[in-house]
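The values are calculated or read from the model by the stated rules, or taken from the named source; none is laboratory data. Please read these numbers as outputs of a predicted model, since none were measured by experiment. Note that we place each Cβ from the backbone using ideal geometry, even for glycine, and neighbour counts take in every protein chain shown. Just so you know, the surface numbers come from the protein's heavy atoms only, side chains and all, with ligands and any DNA or RNA stripped out. Shrake-Rupley method; radii C 1.70, N 1.55, O 1.52, S 1.80 Å.
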Amino acid sequence: MASSAPQRSSAAADAARAAREFIISDSLSQSSHASMFFTSDGLSALTGVILKEMVRAERPHKRPRQGGIPGRTIGPRPDYKQSIWWKLIHHPEINDPDSRAYKQFRLRFRVPFPIFRYLLTIARERKWFPEPSNPKREFLYVPLELKILGALRVLGRGAVLDDIAEITFASESVLEDFFRQFCVKMLTLYDEFVVAPGSAAEVAKVEAVYRHMGFPGCVGSIDCVHVAWEGCPAVLRNQYKGGKGYPSIAYEVVCDHNLFILGTTCGFSGTTNDKTISRYDLFIEEVKRGSRYINLEFKLMQADGSWITHKGAWLLCDGGYHRWRCMQCPTRHSSDADERRFSRQIEAVRKDIERTFGVLKGRFRILKLPVRLRNKDEVDNVFWTCAILHNMIRKFDFQKRWEADVDWTSYLFAGLATRPLLVVSSPCPTVSL
């Protein structure tokens, strides 16, 4: 019986091939016979059977269908809970800040473990990503924990998805789709963490830090940062290739002296200068016309030693901005010794924005390396996500390591009546992580 099946299939193949040759050479070569052949019901049915048998005999052998795609075989699902990252987040000492697992987690993913736990909770409460409702089908889905860790690894180290797929056992397509969706969902936290001082009292707290450094009325530093864009389309390369020599996207950022990002703009082409970008910055418009900024009062000492009261907040910037009243930059050339000293002080204090850029790119290497994304909106989402995570980390470290309203000079000059050099305050709302 085993040998009869191949014989029958070969015989059917020979019969079908002979029938096909007969139909083509004899019947279809004569138009009158062909017309009569196809109008006959019996012969038409016979022809259909012969052609069907012919196709079936000549069809290549395929494996039986076992998945959503014909001929595709599905192997056993990997056990995601055996991955290194899953074992790390379930380490018994992961919640201890002094443990090796806690420090290793922050080194690998650039955020403390409590912030990761906060992101995981927010994602599930707000239903950012669908999860299986049937516990029996959980093994078919990549755990949300591993996908969030993969997105943080891409942001923190600029890693390629293939490396993450080897660690998490997830496919590259799943990780790529999740990374794009994660950056979009993170924008819902932007107004919660990247915020300007919302009241006159908060503006006064930020201004107090700069006032103790000799700049009363100042509420922050402003500058632009460029992110290299390797995935820039060819038709846009000339537009985005500025003075850096490569395509880049420029973002304008405002921060306070504690390196909190108070506001950012969308991305502009690398050929756009700072003056043009500042005209589209909503934070500058708020400083120029917002009631909580224009009503800020501060005192300045005049040349004769008397004090005069001024109103209106302002920002520290470099020489590439407009000479507006709310934008104060150092003087390039001056013969006045006091003015040169004042310019040096501005250059020293406005380094907080440069430090912010250094911390931001050092912590999230995807901004330091050329970004490979092809869509400019996706690059904007990545930058804003990094800004949100930066403020979350600063707030977490700030509440843990710093004390407010401390007179540090008392430790240096005991018995001397001196004013405090720094009053630390956070303009961001308190959010438990």
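Structure notes:
- Failed condition for GLU166, given (1) farther than 23 Å from LYS87 by Cβ; (2) part of a helix (DSSP H, G or I); (3) open to solvent by 30 Å² or more (accessible area, probe 1.4 Å): (1)
- Taken together, VAL195, VAL184 contain a single residue that is assigned to a loop (DSSP other than H, G, I, E, B) and surrounded by fewer than 18 Cβ atoms within 10 Å (Cβ to Cβ), which is VAL195.
- Answer residue from region 300-353, given it is among the aromatic types (Phe, Trp, Tyr) and not in a strand (DSSP E or B) and is surrounded by the most Cβ atoms within 10 Å (Cβ to Cβ) among those: TYR321
- Set TYR280, TYR251, TYR210: member being hydroxyl-bearing (Ser, Thr, Tyr), at pLDDT 95 or above and either assigned to a helix (DSSP H, G or I) or under 32 Å from the mean Cα position of the chain (by Cα) (or both): TYR251
- Candidates are the residues of region 89-105 that are open to solvent by 60 Å² or more (accessible area, probe 1.4 Å) and in a helix (DSSP H, G or I); the one that is farthest from ARG117 (Cα to Cα) is ARG100.
- Candidate set: region 283-294, residues that are within 14 Å of TRP324 (Cα to Cα) and free of Cβ contacts under 8 Å to residues at least 12 places away in the same chain; chosen: the one nearest to the chain's Cα centre (by Cα): GLU285
- Scope region 278-297; condition of a type outside the set (D, E, K, R) and surrounded by 19 or more Cβ atoms within 10 Å (Cβ to Cβ); matching residues: SER278, PHE283, ILE284, VAL287, TYR293, LEU296
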